[in-house]
1. Share of antiparallel DSSP beta bridges in the chain, in percent to the nearest 5?
2. Give me the extension gain from A78 to A179: residue separation times 0.36 nm, minus the current Cα-Cα distance, reported in nm with one decimal.
3. Let a ≥ b ≥ c be the square roots of the eigenvalues of the Cα gyration tensor of the range 123-186; is it rounded (a/c under 1.5), or, if not, prolate (a/b larger than b/c) or oblate?
4. Under 1.5 on a/c is rounded, so check that first for the chain, then, if it is not, pick prolate when a/b is larger than b/c and oblate when it is not; a ≥ b ≥ c are the square roots of the alpha carbon gyration tensor eigenvalues.
5. So if R0 is 35 Å, what FRET efficiency would I95 and T18 give, r being the distance between their Cβ atoms, rounded to the nearest 0.05?
6. I need the shape label for the range 1-142. Rule: rounded when a/c is under 1.5, else prolate if a/b > b/c, else oblate, with a, b, c from the alpha carbon gyration tensor.
7. Give me the distance in nm between label points sitting 7 Å out from Cα along the Cα-to-Cβ direction at A42 and I227, one decimal.
8. As a test of reading the structure, rank D3, D14 by solvent-accessible area (1.4 Å probe, protein chains only), most first.
Amino acid sequence: MADSISIERFRANDLLVTMKPDMTHVTDADKAVEAAIRGGLADSRPNDAILGEEFGSEAGTDAGTRRQWIIDPIDGTANYVRGIPVWATLISLAIDDVPVLGVVSAPALGQRWWAAHGQGAWTSERVSQNEHRERRIFVSGVTELADASLSYNSLKGWDDYGMLDRLVELSREVWRTRAYGDMWSYMMVAEGMIDIAGEFDLKPWDMAAIAPIVEEAGGAFTSASGIPGPWHGSAIATNGHLHDAVLRLLN
């Protein structure tokens, strides 16, 4: 449902783009996708709480509900408005503040990733116009930083948090650095194509769907200071083998 809305508005000549108070983009597609997901949840999970990027927090109808859906209708909106296909809808279910299910759906890339605790991490990718193939995904087996590939999202993001020197130090220790950005970096960690991804200035909806996918693929996901979960404003995802070494260099 989300894909059908977002892909129809992608590269549309009449796409409505505005700036939020935090100077990030929002489009009519962002709002339409989140509204549709909320509507679907109201029908299928009416007692659950919801947290979304565009429309905020909505309490569950049961007092003290343990279940919360966390929605980023379009992660990578800056890409979306420029016609770059690296963007996705992120949906997560958190129970007692722990994300236990995550879906990352990127229709312009023709790929979707998902995971739930104890059920592994999976992807469905387009192999022809009318055919998709599902497969289970796993992180890489790289055990040395000297052999690792790192995606850092943006230099400015690290610099704004006073971490640019640490990033440069880490970049000197690894084999290769790129800035793939947004959800794609983390999905590449989960698929074993790269080994480390990290960034700052994040909100829970940026991370909640990503964490279980990385973890169920065999990796590790924490804040830059090593705290698990999507609530701490930063993310470091690795294949697990490299996590402690990365955190030592950053702290």
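The values are calculated or read from the model by the stated rules, or taken from the named source; none is laboratory data. Here the structure is a predicted model, which means the values were calculated and not measured. As a convention, Cβ positions derive from the backbone with ideal geometry for all residues, glycine included, and neighbour counts pool all protein chains shown. Heads up: the accessible areas ignore ligands, DNA and RNA and are worked out on the full protein's heavy atoms, side chains in. Shrake-Rupley method; radii C 1.70, N 1.55, O 1.52, S 1.80 Å.
1. Taking every DSSP beta bridge within the chain, about 85 percent pair in antiparallel fashion.
2. Contour length minus Cα-Cα distance gives 34.9 nm.
3. Taking the square roots of the gyration eigenvalues as a ≥ b ≥ c, the range 123-186 is oblate.
4. On the way: a/c = 1.45, a/b = 1.37, b/c = 1.06.
Rounded, since a/c falls under 1.5.
5. Plugging the Cβ-Cβ distance into 1/(1 + (r/R0)^6) gives 0.55.
6. Values: a/c = 1.79, a/b = 1.06, b/c = 1.69.
In terms of gyration-tensor shape, oblate.
7. 3.4 nm
8. Correct descending sequence by accessible area is D14, D3.
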